[in-house]
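Just below is one structure, and these are the notes that go with it.
Only the coordinates and a few stated rules stand behind these numbers; no lab work does. No experiment lies behind these values; they were computed from the predicted model shown. Here the Cβ is made from the backbone with ideal geometry for all residues, glycine too, and neighbour counts use every protein chain on show.
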Amino acid sequence: MTQTLPFLPLGHTVTSPASDVGTETRWQARLDDGRLAVVGQLAPDLARDLSIRRRYVRDVERVMALTAHSVAPTVAAGPMPDPRDKDAVAPWRVRLDPEGESLAELLVRAPLPLDEVATRFAAFADAVFAVHSQAVVLRDLRPEQVVYMSGGHVVLVDIGLARVDVLSSHTASSLLLRGSSYVAPEQLLRTAVDQRSDMWSVGVMMWQALTGSLPFGDGPPLLAEHDRLPALRRLRPDAPEVLEELLARCLSPDLSRRPSSMADVAWVLRGGWALWDTDETTVCQHCGTNLRVGQRLCLKCGRIAVRFEHAPEGERAFSLDVLKLNEEASPLKWLQGFLGDVSAQPIRNPEFLIGSVHMYSQEERGQRIRLPARLFNRLTRETAETLAQQASEHGVRMRIVRPTATVRTAFMMMGLVAVTVVLAFAVAAFGVSSWWIIGPAMAGLFALTAVASEQISASKTHAHYRLRERPAALPASDPLVARLAKLLAGEVPGDVRGVVGELALLVQRLVDHRAALLGDQAREVAVLTEPLHPLIAAVERHVDELQRIGTELAALDEGAMVRALGASEARRETTEVRAPILDGLDRLRVLEDQRAALFHRLLEAKSLLERTVRMGLAIHDPAREHDRQVALAMATLGE
């Protein structure tokens with residue numbers, strides 16, 4: 001007997017029994033035109049919840065509107081005329097079922113060869129990037145949703161319904177405790193996420209393809225230790241370093257460490273150079289805010305990040321010695337971080353001989369710094385006193401070596417000469433019988449010689465570190481960086497703050513590099529900065545809009561609205577009473593989509609600028625190529 005679904009108006013034949021998948025009941029079917037399809041219908045108990053029903057319908061409509069080549073088409077949805085109508089049959093959708101091998105089937109034979117992983121996941125990254133380009137975040141991507149067609153083309157199926165799962169009461173707990181091992185950890189803490197959450201999911205699947213296991217185990221995602229990633233090359237010694245670094249970044253709990261774009265992931269997998277910089281940071285020496293190494297202006301206080309200075313040539317200079325450290329961990333840890341923050345980079349993490357030298361091996365004695373030790377030479381008085389005061393506040397004893405020591409050394413040398421002359425005269429005049437004069441004079445001579453020798457040694461002591469250099473003049477990029485810093489003066493979300501900070505450093509590098517390549521042509525500041533002014537203005541508009549959206553989102557408490565809706569339904573209130581609540585939930589969805597679109601553009605612009613900076617040394621016509629890349633970034637921002 002041929003089976004059909006009574007609610008489905010399309011001509012079809014059901015080819016498999018019903019199965020429950022997430023919030024849907026699904027059937028496989030063959031349409032009358034011969035195409036294979038999957039029919040999904042929201043579970044009836046969930047369909048009675050207006051908030052879930054409306055969310056499901058909205059997500060289905062969004063997927064239908066996607067034009068990305070990598071998404072399996074949804075060819076019909078219903079019921080008509082209004083699938084949001086609570087009294088109508090539960091909403092449903094029909095999407096085509098591509099014929100191919102799913103990633104879940106592929107992972108059964110993991111670990112896979114390196115070349116196959118690189119090829120397949122580069123195509124996977126392309127497919128996800130095509131969706132991201134339409135400002136859609138997939139949120140909870142799983143291996144069974146990835147289908148490899150003949151020729152390597154990737155099609156994504158059953159995407160876009162993750163937020164329905166979160167809203168449904170019987171799946172919210174499972175998301176936390178029994179949920180997908182592929183979901184990014186930040187989704188357990190907040191609902192507004194960006195495309196970097198999907199990079200986590202892709203990274204988990206790539207790790208599984210390389211090793212045959214999940215990176216953080218298959219236990220509850222809420223309980224996993226996401227900051228402890230095993231070393232890939234211990235499990236796959238044949239994996240290149242760049243692949244290990246790529247996976248470490250995709251699977252970092254810190255969003256700022258993940259790649260900005262899926263296009264970057266595909267680029268690296270196809271053999272392109274790594275687009276990321278070092279993760280080394282320093283601090284603003286005025287306000288203590290963390291900065292990327294090389295950043296001149298602090299994005300928090302707006303001042304030049306380097307505060308401590310060398311004394312100019314010919315002026316009185318001071319030195320700084322560390323005298324003593326005890327075995328407590330906190331003073332030593334502070335001193336190590338302090339030296340990293342104020343010293344020219346790179347430096348080796350300082351290790352000291354603390355306590356008895358007999359506690360250390362011969363090799364450690366040669367590598368560690370003996371105390372007392374000279375840290376810096378040629379400091380201004382203000383710098384030396386400020387650094388010594390900071391050290392004292394953290395339990396580290398330091399000594400300022402003042403320039404008067406050199407003056408005292410000169411006087412001592414003059415005294416040595418005078419005493420020597422007096423002794424010679426006394427011996428010549430009185431003979432050897434005058435030891436009562438010569439003895440004390442010789443003792444004084446030896447003491448004076450020892451003191452002078454110590455002073456000479458102190459004045460010539462080699463310093464272990466050198467202060468970071470303060471820029472002699474503000475380069476052309478700094479006014480542009482200052483404009484970006486001004487954007488961060490108010491209450492800016494952390495993810496936006498991080499991206500703007502990275503954009504600021506890229507703008508600085510781009511203008512500085514442009515100045516170096518253009519040479520004499522770069523005398524006019526406008527020559528260097530004119531192409532970037534529209535880009536900065538576009539970033540300013542995007543950040544202002546993100547702040548506005550963030551303020552409105554903060555006023556919309558999804559949980560409170562869902563509870564209010566449930567209470568209203570329990571009281572059997574009219575649709576007119578519930579309308580403001582439903583409108584609020586709809587508005588929340590719209591704002592989430594708008595935020596995702598704006599944030600996507602910022603991330604893609606950052607990715608393009610990263611490539612621009614990296615390509616700089618290979619550019620033959622720097623001005624024209626830089627302008628072209630900036631124009632691409634502008635287009636990405638929708639300008």
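Descriptive notes on the structure:
- As a rough footprinting exposure proxy, the listed residues F121, F7 were ranked by other beta carbons within 10 Å of their own, and the order from fewest upward is F7, F121.
- Calculated on alpha-carbon atoms, Rg and Dmax of segment 240-391 in Å: 20.0, 57
- R0 of 30 Å, Cβ-Cβ distance L556-Q3: FRET efficiency to nearest 0.05: 0.10
- At most 14 other Cβ within 10 Å, DSSP loop - GluC sites (Glu not before Pro), segment 567-608: E573
- Cα gyration tensor, segment 1-143 - rounded (a/c under 1.5), prolate or oblate: prolate
- Here's how it looks for L291: its modeled amide H is under 5 Å from those of T282, V283, C284, which are all 5 or more places away or on a different chain.
- Inter-label distance, nm, simple model (7 Å from Cα along the C-beta direction), E363/A463: 3.2 nm
- For K324, the lysines whose Cα falls under 29 Å of its own Cα, not counting residues fewer than eight places away in the same chain, are K333, K460.
- Phi to ³J(HN,Hα) by Karplus 6.51 cos²θ - 1.76 cosθ + 1.60 over segment 354-362, Hz, x for Gly, Pro: 10, x, 5, 5, 6, 7, 10, 6, 4
- Trypsin sites (Lys or Arg not before Pro) lying in DSSP loop within segment 12-80, provided at most 14 other Cβ fall within 10 Å: R35, R48
- Couplings 3J(HN,Hα) for segment 99-110, derived from phi with the Karplus relation 6.51 cos²θ - 1.76 cosθ + 1.60 (θ = phi - 60°), are 8, x, 9, 6, 5, 4, 5, 5, 6, 4, 9, 5 Hz, where x marks Gly and Pro.
- Of the trypsin sites (Lys or Arg not before Pro) found in segment 202-263, those in coil by DSSP whose Cβ has at most 16 other Cβ atoms within 10 Å are R228.
- Counting neighbouring beta carbons within 10 Å and listing from fewest to most, the residues I52, I369, I581 come out as I369, I581, I52.
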